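The block underneath contains the structure these notes are about, expressed in structure tokens.
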Amino acid sequence: MEHITNFAELIAAAKRLGPKTIGIAAANEKEILLAAADAQEQGIATFILVGNQPLIREIASAQEINITGMIVVHEPDARKAARRVIELVNLGHVDFAMKGRVETSVFLKAALDREHGLRKGELLTHVGVMEIPGFDRLLLISDAGVVVAPTMEQKIAIVQNAIKVAHVLGVEEPRVAVLAATEMVNTKIPTTMDAANLSKMADRGQIRGGIVDGPLALDNAISEESARVKGIKSPVAGRANILIAPDIEAGNALAKAITYFAKGKMAGIVVGAKAPLVVASRADPHESKLVSIALGVLLSARGAR
């Protein structure tokens, strides 16, 4: 499996593995339709659009977006549209689901419905894949969008799910940095204790598929020079592929800082369900949504959930 290091390679891989069929909940939004049209034109995916049908067609016409060949299902209520898309996944009519003009919480609530959702007994977690100018690799951040204040048990699942996404991107043994404010274990800072425990669990084979170390501060997780100056000897320090945030606030702030300050780009995916769930921000341009679609195609095609 090729090691994907940028979004151009990610889209190229999705072209080879696609097309997959995607259901979009509340698809009545310009950037969503632009991303869908782009993905369909490139052979990455085909689409079932669930939402306000007249509005979808009006937006497509006004913006000259080609939605020919896409099935449009009329459901103007965003909550019901989310449930309908999840139902399409369960029925096998689509390979995975994507949120459009609907709140992430509403979309995930439909996916987590005990009777009609996509639960399979695992924790759902968000993985952001970042392409950063001047950086030599894609950087994964988790969890920046689903688990608010993860327990130690939830952090195990967050790490394992992020490793799974890294494997799909061709990183055979991803290096996972568990972030904290300091690289020193401090009993007064619980996140450092969790990080140390996660690191030891990986050493003992309780977390598999990657090399885990922590606590690490952000600078010594991604900068070899910083790690050298601080005398940190670690196979992860300065070379991390995955950053595990202590909570959703830190993860969300880090991802958005990369996007807005460093001009990075992000693909967003939720894993742990029966199928991948694409949850790009409504503020994201269609190019970012396209890459999120491509990431979903890779996970679906390679059997990762």
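The values are calculated or read from the model by the stated rules, or taken from the named source; none is laboratory data. Everything quoted here is computed from the prediction, not taken from an experiment. A quick note on method: Cβ atoms are made from the backbone with ideal geometry, for glycine too, and the neighbour counts reach across all protein chains shown.
Based on what the data block shows, is Pro54 over 19 Å from the mean Cα position of the chain (by Cα) and under 16 Å from Ala294 (Cβ atoms)?
no
Restrict the check to the stretch 277-294 and report whether at least one residue is assigned by TED's automatic domain parsing to the domain that holds Ala180 and within 26 Å of Gly18 (Cβ to Cβ).
Initially, the stretch 277-294 is screened for residues assigned by TED's automatic domain parsing to the domain that holds Ala180, giving none.
No, the stretch 277-294 contains no residue that is assigned by TED's automatic domain parsing to the domain that holds Ala180 and within 26 Å of Gly18 (Cβ to Cβ).
Residue-wise test of (1) over 26 Å from Ala217 (Cβ atoms); (2) of a type in the set (Phe, Trp, Tyr); (3) surrounded by 14 or more Cβ atoms within 10 Å (Cβ to Cβ); (4) assigned by TED's automatic domain parsing to the domain that holds Ser223.
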site	(1), (2), (3), (4)
Val85	yes, no, yes, no
Leu91	yes, no, no, no
Asp95	yes, no, yes, no
Arg101	yes, no, yes, no
Phe107	yes, yes, yes, no
His116	yes, no, no, no
Ser142	no, no, yes, yes
Val146	no, no, yes, yes
Ala149	no, no, no, yes
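Inside the stretch 256-274, can you point out the residues that are surrounded by fewer than 21 Cβ atoms within 10 Å (Cβ to Cβ) and either in contact with an Asp or Glu (Cβ under 9 Å, 6 or more places away or on another chain) or assigned to a loop (DSSP other than H, G, I, E, B) (or both)?
Thr259, Phe261, Ala262, Lys263, Gly264, Lys265, Lys274
What are the pairs with Cβ atoms under 6 angstrom where one residue, in the stretch 92-118, is farther than 11 Å from Arg79 by Cβ and the other, located anywhere, is among the hydroxyl-bearing types (Ser, Thr, Tyr)? Sequence gap at least six, or different chains.
Between residues of the stretch 92-118 that are farther than 11 Å from Arg79 by Cβ and residues that are among the hydroxyl-bearing types (Ser, Thr, Tyr), the close pairs are Val94/Thr21; Asp95/Thr21; Asp95/Ser300; Phe96/Ser300.
Ala181: surrounded by fewer than 16 Cβ atoms within 10 Å (Cβ to Cβ), among the aliphatic types (A, V, I, L, M), more than 29 Å from Ala280 (Cβ to Cβ) and touching a Pro at 6+ places or on another chain (Cβ under 9 Å), yes or no?
yes
Does any residue in the stretch 26-45 that is in contact (Cβ under 8 Å) with a residue 24 or more places away in the chain come within less than 7 Å, Cβ to Cβ, of a residue that is surrounded by fewer than 24 Cβ atoms within 10 Å (Cβ to Cβ) and among the hydroxyl-bearing types (Ser, Thr, Tyr) six or more places away or on a different chain, and which pairs are these?
If the second residue must be surrounded by fewer than 24 Cβ atoms within 10 Å (Cβ to Cβ) and among the hydroxyl-bearing types (Ser, Thr, Tyr), the pairs left are Gln40/Thr46; Ala45/Thr21.
Here is a list: Ala27, Ala37. Which entry is under 24 Å from Ala301 (Cα atoms), small (Gly, Ala, Ser) and not in a loop (DSSP other than H, G, I, E, B)? Before you say what the answer is, go through the steps one by one.
Working: Ala27 fails: not in a loop (DSSP other than H, G, I, E, B).
Testing whether each residue is under 24 Å from Ala301 (Cα atoms), small (Gly, Ala, Ser) and not in a loop (DSSP other than H, G, I, E, B) leaves just Ala37.
Looking at Ile11, Ile67, which one is out of contact with any Cys (no Cβ under 6 Å at 6 or more places or on another chain) and free of Cβ contacts under 8 Å to residues at least 40 places away in the same chain? Give the derivation first.
On the way: Ile11 fails: free of Cβ contacts under 8 Å to residues at least 40 places away in the same chain.
Exactly one residue qualifies, and that residue is Ile67.
Does the stretch 167-175 contain any residue that is in a helix (DSSP H, G or I) and aliphatic (A, V, I, L, M)?
The answer is yes; a qualifying residue exists.
Name the single residue that is surrounded by the most Cβ atoms within 10 Å (Cβ to Cβ) among those in the stretch 275-289 being assigned to a helix (DSSP H, G or I) and within 13 Å of the chain's Cα centre (by Cα).
Going through the stretch 275-289, the residues assigned to a helix (DSSP H, G or I) turn out to be 286-289.
Retained after the next criterion (residues that are within 13 Å of the chain's Cα centre (by Cα)): 288-289.
Working: Ser288: 21, Lys289: 28.
Selected residue: Lys289.
Would you please name the residue that is surrounded by the fewest Cβ atoms within 10 Å (Cβ to Cβ), looking only at residues in the stretch 8-38 that are over 25 Å from Glu64 (Cβ atoms) and touching a helix residue (DSSP H, G or I) at 6+ places or on another chain (Cβ under 7 Å)? Explain how you work it out, then say what you get.
Taking the stretch 8-38 as the starting set, the residues that turn out to be over 25 Å from Glu64 (Cβ atoms) are 8-10, 12-13, 16-17, 20.
Cutting the leftovers down to touching a helix residue (DSSP H, G or I) at 6+ places or on another chain (Cβ under 7 Å) gives us 10, 13, 17, 20.
On the way: Leu10: 24, Ala13: 23, Leu17: 15, Lys20: 23.
Going through the qualifying residues, I end up with Leu17.
Collect the residues in the stretch 134-146 that are over 13 Å from the mean Cα position of the chain (by Cα) and modelled with pLDDT of 95 or more, keeping them in residue-number order. I'd like the intermediate steps shown before the answer.
Of the residues in the stretch 134-146, the ones over 13 Å from the mean Cα position of the chain (by Cα) are 134-137.
Once the filter is applied, which keeps residues that are over 13 Å from the mean Cα position of the chain (by Cα) and modelled with pLDDT of 95 or more, the stretch 134-146 yields only Arg137.
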